[in-house]
Amino acid sequence: MIVELLAFLMIFPLVVAAILLVVRSNGARKVIVGGSALVIAVASLALVALYLGAGRVEFAFSSEALSLACAAVDIALCAIVIGYAVRYKNALAGVLAVVMIALVLVFEAFFAHGIEVEHGFYLDSLTLLMVAVIGVVGSGICVYALGYMEDFQAHEPEGSKDRRPLFFALMFLFLSAMYLIVFSDNMAWLLTGWEVTTVCSFLLIGYTKTDEAIRNSFRQIIMNMIGGIAFVLALFYTTGSLGVLSLEEFVALGNAFPAVAALPAVLLALAGITKAAQMPFHTWLLGAMVAPTPTSALLHSSTMVKAGVFLLLKLAPVFAVSLVPSVMVVLVGGITFLLCSFMAISQSNAKRVLAYSTIANLGLITACAGVGTPEAIWAGMFLLLFHAVAKSLLFLCVGTAEHHIGSRDIEDMDLLFERMPRLARLMMLGIMCMFIAPFGMLVAKWATLVTFVNTGQVALILLLAFGSAATFMFWAKWLGKLAGIASDAENVEGTVHRSEWIATGVMAALIILCCVGMPIISWMIVEPYVYSVYGTLAQDISNGNLWMAAIMCAFIVIVLFASLGGQGKARRVDVYLAGVTAEQGTRRFINSMSGSSEATARNWYMDGAFGEKTIRPVGEVCCSVIIVTALAAACAGMLGLGL
């Protein structure tokens, strides 16, 4: 039964993608996307339920034909990139694609054969966590895209080609590739899924075909192909020098012989860092903001970037005993968390705030993976989960708000609590989950702080402390804007598509279930994974405290949503302006000079201190130096061992 479910989850979205590519009817598309998303979500949850709480299970499957097919897919993906590089005259992308093709051909011809991975697919609790995120969050975003892309197409110039079939096909292809990544123990198969997500992202970011979109899509493909090349080079070493192609065998070998595995661990970590948009590669994720909102949500929450931190968490036992890759991953993650949190303070564009917050929180997960202790992995898995559900909700809410108030700027979200009361509450729930106790993200951050304290590394503690302070500042500013209430604001959310309400409702329900069920998730998913990897139970927050936080979360949610759907008309009062009101509707009052002034509230963004131009170069230089130094040290160590 489990084997069939694994195969179904990898193949079914691929079939749906092929069907959607040729379906032109909007009505048929709605049925196919909605039905397929429900099937994928149910199948994913069924797999989680069947395997919940168990240890690692491996499935004996080795196929030479599948390996050759994966190599052919890798080459075809590079050919697509070359075609676009020629069309848009981007030489660097074309050169990297040619290099990738050459490496794949050499790997298949001289390295891959003769090394058999007996158990090609596997399941463990970390995989199950990812399956739940991909299946529920990812498919929910596809449903949301139905209404959103209908509005998006309506705003396109008259007579422009409707390319929604390609858009939805790429979305489902994304899901299929993600399942391949999380199920594959064969690293060559994992690489194929890895590269499929890279090229799908490239095509989705460039969907609008504007100059800005094309420019940002090429930035993404160039940076992620650097990571892909690092991945292939790691496979050269693991197969040629170590004789392993299994991810599990490599982790076990690296844990037993850290010096031998240092170089491939650094290369694989580099691949994970690029995919997770860590400095100096973070700009590709910022550029992805030009894409339609469902693309941003898919890249930031359930797929692309989560593949990067997933790989880093799988490699955590190697980082725990190998100094060079550990230092690289911890410092890159910690610096990214701190500096991107600072840069988020200076942003008023809601999607850029979400982007910087995503990069920062991925940096925190990266740092946890680099520490590599059981406690760090416990915290890292919860960070991954809560970030996925909260960010997916926030991106979808911002997309809907933008279509109905005409802006994604936080400063234009005044009175959203009145204009879009249901959406504002959902957005507030997502924000509270990201930074307010007792919601899950802050509990996981507290666990991270405890982990860093136990390492005795003062630098890590300072990075987390100051980064968390910045996090509080930019989220609090946004939350304050949403909470403002005034009379006679027009409700504009009546035209929101049903598919958008369904998707945002599912994401909100996931946040509530995850926060309230945090003790159960720890007991049945996170702790079993930690025990299966390290042979010990490790938890930074006691079960009693987790249950207390769960009860408090339930109470806060009830208070937040209790007033929705009320029958009575709310009592309206005049806005108090601390003086003589001149004009109630525009919030004007008589000032101390007997003149008329308008009361306004605008957040403080401190661009001079925390602007991108000030901070970004520092982070890029520091992280580049760290990565280059780690590669040099790992190469020197390899030469010292005579490998």
(message) Give me the dipole magnitude in Debye, nearest 20, for the chain about the Cα centre, with unit charges on the beta carbon: positive for Lys and Arg, negative for Asp and Glu.
(response) 1060 debye
(request) Under 19 Å from a label point 7 Å along Cα→Cβ of V625: give me every residue in region 336-369 with its amide N that close. (result) 336-340
(message) How much of the pair distance distribution for region 51-146 lies past 17 Å, counting alpha-carbon pairs only, in percent?
(response) 69 percent
(message) Can you tell me how region 1-97 classifies by the Cα gyration tensor, rounded, prolate or oblate, using a/c under 1.5 as the rounded cut?
(response) oblate
(request) Classify region 68-114 as rounded, prolate or oblate, taking a ≥ b ≥ c as the square roots of the eigenvalues of its Cα gyration tensor: rounded when a/c is under 1.5, otherwise prolate if a/b is larger than b/c and oblate if not. (result) oblate
(request) Taking 7 Å along the Cα-to-C-beta vector as the label spot, tell me the A69-N349 distance in nanometres, rounded to one decimal. (result) 4.1 nm
(request) Leaving ligands, DNA and RNA out of it, report the carbon-plus-sulfur percent of the accessible area of region 412-518 at a 1.4 Å probe. (result) 68 percent
(message) Report the gain in length on full extension from F472 to R588: 0.36 nm times residue separation, minus Cα-Cα distance, nm rounded to one decimal.
(response) 38.6 nm
(message) Can you tell me which aspartates and glutamates have their Cα less than 13 Å from the Cα of K89? Leave out same-chain residues fewer than eight positions away.
(response) D211
(message) For region 376-424, compute the orientation-averaged projected area of the C-alpha convex hull (one quarter of its surface), in nm².
(response) 4.0 nm²
(message) For the chain, give me every cysteine whose Cβ has no other Cys Cβ within less than 4.7 Å, ordered by residue number.
(response) C70, C78, C142, C200, C340, C368, C397, C433, C514, C622, C623, C635
(request) Compare the peptides 243-249, 340-346 by average per-residue count of other Cβ atoms within 10 angstrom and give them in order, highest first. (result) 340-346, 243-249
(message) At 222 nm, what value in deg cm²/dmol follows for the chain if DSSP H runs of at least 4 each add -39500 (n - 2.57) and the sum is divided by all its residues, to the nearest 500?
(response) -24000 deg cm²/dmol
(request) Treating cross-link reach as a plain straight distance, find the aspartates and glutamates whose alpha-carbon is under 18 Å from the alpha-carbon of K445, omitting any fewer than eight places away in the same chain. (result) E375, E527, D540
(request) Please give the FRET efficiency for A437 paired with A252, using the beta carbon to beta carbon distance and R0 = 45 Å, rounded to the nearest 0.05. (result) 0.70
(message) Per 0.36 nm of contour for each residue apart, how much would the distance between S25 and A91 grow if the chain were fully extended, relative to their Cα-Cα spacing?
(response) 20.0 nm
(message) Testing the spin-label approximation: label points 7 Å from Cα along Cα→Cβ at N491 and L50. State their distance in nm.
(response) 4.5 nm
(message) Given a 1.4 angstrom probe, what's the average accessible area per residue across the chain, in square angstrom?
(response) 37 Å²
(request) Please report, largest first and rounded to whole Å, the three semi-axes of the ellipsoid equivalent to region 256-357, where each semi-axis is the square root of five times an eigenvalue of the C-alpha gyration tensor. (result) 29, 15, 9
(message) With bins 10 Å wide starting at 0, give me the P(r) of the chain over every alpha carbon pair, in whole percents.
(response) 3, 16, 28, 27, 16, 6, 2, 1, 0
(request) Count neighbours as other Cβ atoms within 10 Å of each site's Cβ, and list the GluC sites (Glu not before Pro) in region 468-533 that are DSSP loop with at most 16 such neighbours. (result) E490
(request) Please give the FRET efficiency for T208 paired with A562, using the beta carbon to beta carbon distance and R0 = 51 Å, rounded to the nearest 0.05. (result) 0.80
(request) Could you calculate the contour length gain from V458 to V580, that is, 0.36 nm times the residue separation minus the distance between their Cα atoms, to one decimal place in nm? (result) 38.6 nm
(request) Apply 1/(1 + (r/R0)^6) to the Cβ-Cβ distance of E118 and A636, taking R0 = 41 Å, and write down the FRET efficiency to the nearest 0.05. (result) 0.75
(message) How many angstrom lie between the Cα centre of region 489-554 and the Cα centre of region 345-369?
(response) 20 Å
(request) Determine which lysines satisfy two conditions relative to K161: a Cα distance under 16 Å, and not lying fewer than 8 residues away in the same chain. (result) K209
(request) Select from H404, F152, L66 the residue farthest towards the positive end of the dipole of the chain; place +1 on Cβ of Lys and Arg, -1 on Cβ of Asp and Glu, and compute about the Cα centre. (result) H404
(message) Compute the orientation-averaged projected area for region 179-261 from the convex hull of its Cα atoms and round it to one decimal in nm².
(response) 5.9 nm²
(message) Tell me the carbon and sulfur percent of the accessible area for region 51-202, rounded to whole percent, probe radius 1.4 Å.
(response) 66 percent
(request) Within region 455-548, report the chymotrypsin sites (Phe, Trp or Tyr not before Pro) that DSSP leaves as loop and that have at most 14 other Cβ atoms within 10 Å. (result) none
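The values are calculated or read from the model by the stated rules, or taken from the named source; none is laboratory data. The structure presented is a predicted model; accordingly, all values stated were derived computationally and were not measured. No Cβ is skipped: glycine too gets one built from the backbone with ideal geometry, and neighbour counts run over all protein chains shown. Ligands, DNA and RNA are stripped out before the accessible areas are found, and what is left, the full protein with its side chains, is counted by its heavy atoms. Shrake-Rupley method; radii C 1.70, N 1.55, O 1.52, S 1.80 Å.
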